[in-house]
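Taking it in order: structure first as structure tokens, then the write-up.
The values are calculated or read from the model by the stated rules, or taken from the named source; none is laboratory data. All values reported here derive from a predicted model rather than from experimental measurement. Cβ placement follows ideal geometry from the backbone for every residue including glycine, while neighbour counts extend to all protein chains displayed.
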Amino acid sequence: MWACPEEGQTSGVYCDGAKGSCAFKAATAAELAVRHFELMVDGVDCYLPSGFISRSLDKTFENLAAISHPDEHSVNNTLFKVVENNFVEN
């Protein structure tokens, strides 16, 4: 599955309502899309699961949502739990 690097690199880019930074975020996303297309054409692959990125795109988004809304005492605890579960499930 090719989605791995792109989601990993853009998972920290959230819209915060600051208009000036939105243009920069959009430019970053466009540049990443071109870069990852070139890597895909060159046959570069990513082994999955990798961190919070799963073999399934839906599960990857579930993992990202869990990290975004931590149910543990901290984001770090939630992240560790998500990554550990990601490897157990796969």
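Taking region 4-27 as the search range and keeping residues that are surrounded by 14 or more Cβ atoms within 10 Å (Cβ to Cβ) and assigned to a helix (DSSP H, G or I), which one is modelled with the highest pLDDT?
That would be Lys25.
Could you check, for region 69-80, whether at least one of its residues is out of contact with any Pro (no Cβ under 6 Å at 6 or more places or on another chain), modelled with pLDDT of 85 or more and either surrounded by 14 or more Cβ atoms within 10 Å (Cβ to Cβ) or among the acidic types (Asp, Glu) (or both)?
yes
Could you list, in sequence order, all residues of region 52-72 that are among the aromatic types (Phe, Trp, Tyr) and in contact (Cβ under 8 Å) with a residue 24 or more places away in the chain? Steps first, answer last, please.
Residues of region 52-72 that are among the aromatic types (Phe, Trp, Tyr), as a first pass: 52, 61.
If the condition is that a residue be among the aromatic types (Phe, Trp, Tyr) and in contact (Cβ under 8 Å) with a residue 24 or more places away in the chain, then Phe52 is the only one that fits.
Would you tally the residues in region 24-51 being in contact (Cβ under 8 Å) with a residue 24 or more places away in the chain and either of a type in the set (Asp, Glu) or touching a strand residue (DSSP E or B) at 6+ places or on another chain (Cβ under 7 Å) (or both)?
So the answer is 1.
Any chance region 42-63 includes a residue that's β-branched (Val, Ile, Thr), touching a helix residue (DSSP H, G or I) at 6+ places or on another chain (Cβ under 9 Å), surrounded by 11 or more Cβ atoms within 10 Å (Cβ to Cβ) and assigned to a helix (DSSP H, G or I)?
Yes.
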